[in-house]
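A.B. asks: Just dropping this structure here.
The values are calculated or read from the model by the stated rules, or taken from the named source; none is laboratory data. No experiment lies behind these values; they were computed from the predicted model shown. Using ideal geometry, Cβ is built from the backbone for each residue, glycine included, and neighbour counts are taken over all protein chains shown. What goes into the accessible areas is simple: the full protein's heavy atoms, side chains included, and nothing from ligands, DNA or RNA. Shrake-Rupley method; radii C 1.70, N 1.55, O 1.52, S 1.80 Å.
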Amino acid sequence: MTTQDDIVSIEPIIGMEIHVQLRTRTKLFTSAPSTASDEFDEADPNTLTDPVVLALPGTLPVMNRAAVELSVLVGLAMGCDIAPRATWDRKSYFYPDLPKAYQISQYDRPLCGPGTIEVPAMDEAGFVDLDAPITRIRITRAHLEEDAGKLVHDAGARASLVDLNRAGTPLLEIVTEPDLRTPEEALALARYLRTLCLSVGATRGVMQRGHMRFEPNINCKLKLKDGREITTPIVEVKNLNSFRSLVGAIRYELKEQPKRWLETGEEFGPGMKSTRGWDDEKEITVLQRSKEDALDYRYFPEPDLPAVVVDDKWMSDLRARMPELPLRRMRRYRDELGRPDRDAQALAFERASADLFDEALNACSSIGIDLRDAAAVAGNLIVQCLARLASERNVEAGALGLLGTTLAKVVAMRQAGEISANGSEKLVELCLDDRSDPRAIAQREGLIQVSDTGQLEAWCDEVIAEHSEIAQQIREGKGAAIGRLIGEVMKKSGGAADAKGVREILLRKIG
């Protein structure tokens, strides 16, 4: 009898299916509003429907061009081949949230073909290590299809309720080869793929709203003492909408699959694939059903839709819309502009922040400010000040509306010593709600620093006289106490004194 002790090694084999709701205002084959648009976040159940969504007799689908374009942009970001001609197919299956009893999808001619995505090394918190080796994951395909609706299970009513608001939403399904070997690699892929999709504007990426859902396909290769190699059946874990559940499900399956093989003796082969769900509370996977094969879906060409033909002109226009990708931007910010790794990532991995940063640097360069100096000031204002303001206002950073030229003017004033670090943050916040010239706002709000040496010396003399005991502590070597005296001078000046100048004067006068 084979036991756990007979298993010499366990090699994980992990592939991923990632479903991305595309950020279009309308659905894939109809003008009904889409749940992927923030405009319809609070819609009541079953209000985002029309005859096409409800599959009423006589209705016909009409393709959404914007959804095709967003799919191509994601495909280019992943290094995929883009098909010059892609076709639609009917995938037949029945669920209560799929009124047609089939899904319009793509089978043998998807929009995005093979590619390779380069995934940076990350820790579990998502921080990138640029100096560690990257992982290359092969992309099998990325095909466009319509999403199904949603079933809401009400235990109290002993019934399942159907909400068709999500039905018909454009969905890009990305399928990888089984190139992943650890839960950490799968997590890094999921995080970075979300970043790529956000960078090209393809999705809002709000996990709690199902804008991205992960379905890992997991099995193991077991090496036994007697020399045999056993491959366990594939388990597909469905509809994971958090990074935590993705890692938890993979770790659980890698632990349980060898045990299942010891109990059942079942190995990988035709029909030996199952679908399981993830129980967040118990942190276990739960069997749902055996997995269908392609033949079970009875694919056949969709008769009501023409093929998608991406000609050279359309392809050229889409390539022109591609931004600099996040990993390349992060390297540039670190290597050319001297930003620390974490600041470089915070800037590069958020499209609106990266665009604002680059626009501000271009404006600073045009007025003669050294790029590294400008990057230090502008980077800190974006990473610290703007990120905080976006969180407080519960919006994305791009929705704050700050212009790069405005930020460049704040940077120039800070570089010239006209405003303090705190003053520059206050000025940025004021600029969000007031489109006046930043200098005029700073003058009106009393943020311009006093750099008149005579006035600064007078304030410093007063503070040293009023706090002679602190001055004596500094003379005796307690240098940190200088901060208290600087604070007193800042109070006298109403925050307008040049803190750097005050420090130099205080130290000179105290000796």
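A.B. asks: How far, in degrees from 0 to 90, does helix 243-264 lean away from the longest principal axis of the Cα atoms of the chain, to the nearest 10?
C.D. replies: 40
A.B. asks: Ignoring ligands, DNA and RNA, please state the percent of accessible area on region 1-102 from carbon and sulfur, probe 1.4 Å.
C.D. replies: Whole-percent figure for carbon plus sulfur exposure: 55.
A.B. asks: May I pose another question? What distance in nm separates the two pseudo spin-label positions at Ser366 and Asp5, each 7 Å out from Cα along the beta-carbon direction?
C.D. replies: Placing both labels 7 Å along Cα→Cβ, they lie 7.7 nm apart.
A.B. asks: If you don't mind, another one. Which value, in Å to one decimal place, does the Kirkwood hydrodynamic radius take for region 233-375 when every pair of different Cα atoms is included?
C.D. replies: Kirkwood radius, region 233-375: 20.7 Å.
A.B. asks: Helix-only mean residue ellipticity at 222 nm, the chain, DSSP H runs n ≥ 4 weighted -39,500 (n - 2.57), per residue, nearest 500. What is it?
C.D. replies: After summing the helix terms and dividing by residue count, I get -11500 deg cm²/dmol.
A.B. asks: Put a dot 7 Å past each Cα toward the Cβ at Lys150 and Glu281; how far apart are the dots in nm?
C.D. replies: With each label placed 7 Å out from Cα toward Cβ, I get 2.0 nm.
A.B. asks: For Lys221, give me every one of the aspartates and glutamates with a C-alpha distance below 12 angstrom, ignoring sequence neighbours fewer than eight places off in its own chain.
C.D. replies: Here the aspartates and glutamates satisfying the reach criterion relative to Lys221 are Glu11, Glu229, Glu267.
A.B. asks: Provide the per residue accessible area, probe 1.4 Å, for region 422-505, rounded to a whole number of square angstrom.
C.D. replies: 54
A.B. asks: Just by accessible area at a 1.4 angstrom probe, what is the order of Arg158, Arg439, Arg191 from largest to smallest?
C.D. replies: Ranked from most to least accessible, the order is Arg158, Arg439, Arg191.
A.B. asks: Ranked from the most accessible area to the least, with a 1.4 Å probe and all protein chains present, what is the order of Ile104, Ile448?
C.D. replies: Solvent-accessible surface, decreasing: Ile448, Ile104.
A.B. asks: Lysines within cross-link reach of Lys500: Cα-Cα under 17 Å, excluding same-chain residues under 8 positions apart?
C.D. replies: Lys491, Lys492, Lys509
A.B. asks: Under a straight-distance cross-link criterion of Cα-Cα below 20 Å, which lysines are reachable from Lys225, leaving out those fewer than 8 residues away in the same chain?
C.D. replies: Those lysines meeting the cut-off are Lys255, Lys259.
A.B. asks: Right, here's the next one. I need the calculated FRET efficiency for the pair Asp226 and Asp304, taking r as the beta carbon distance and R₀ as 41 Å, to the nearest 0.05.
C.D. replies: So the FRET efficiency works out to roughly 0.10.
A.B. asks: Let me ask another. Considering only the chain, what is the antiparallel percent among its DSSP beta bridges, to the nearest 5?
C.D. replies: 90
A.B. asks: Heavy atoms only, 1.4 Å probe, whole protein assembly: order Lys492, Lys273 by accessible area, highest first.
C.D. replies: In descending accessible area the options line up as Lys492, Lys273.
A.B. asks: Tell me, which cysteines of the chain are without a disulfide-compatible partner by the Cβ under 4.7 Å rule?
C.D. replies: Here Cys197, Cys220, Cys364, Cys385, Cys431, Cys460 come out as lacking a disulfide-compatible partner, given the Cβ-Cβ threshold of under 4.7 Å.
A.B. asks: Can you compute the charge dipole magnitude of region 23-165 about its Cα centre, using +1 on each Lys and Arg Cβ and -1 on each Asp and Glu Cβ, nothing else charged? Give it in debye, rounded to the nearest 20.
C.D. replies: So the dipole magnitude of region 23-165 works out to roughly 820 debye.
A.B. asks: Given a Förster distance of 45 angstrom, what is the FRET efficiency for Ala399 paired with Ala458, based on the Cβ-Cβ distance and rounded to 0.05?
C.D. replies: Working from the Cβ atoms, E equals 0.50.
A.B. asks: Let me ask something else. Between Arg435 and Arg289, what is 0.36 nm times their sequence separation minus the Cα-Cα distance? Round to one decimal in nm.
C.D. replies: That pair, Arg435 and Arg289, stretches by 46.7 nm at full extension.
A.B. asks: If you fit an axis through the alpha-carbon atoms of helix 404-415 and take the longest principal axis of the Cα set of the chain, what angle between them do you get, 0 to 90°, nearest 10?
C.D. replies: Helix 404-415 and the main axis of the chain meet at about 40 degrees.
A.B. asks: Tell me whether region 72-186 comes out rounded, prolate or oblate; compute the Cα gyration tensor, take square roots of the eigenvalues as a ≥ b ≥ c, and use a/c under 1.5 as the rounded threshold.
C.D. replies: Oblate.
A.B. asks: Taking the Cα centre of region 198-354 as the origin and placing charges on Cβ (Lys, Arg +1; Asp, Glu -1), which of Ala352, Thr231, Gly205 is farthest toward the positive end of the dipole?
C.D. replies: Ala352
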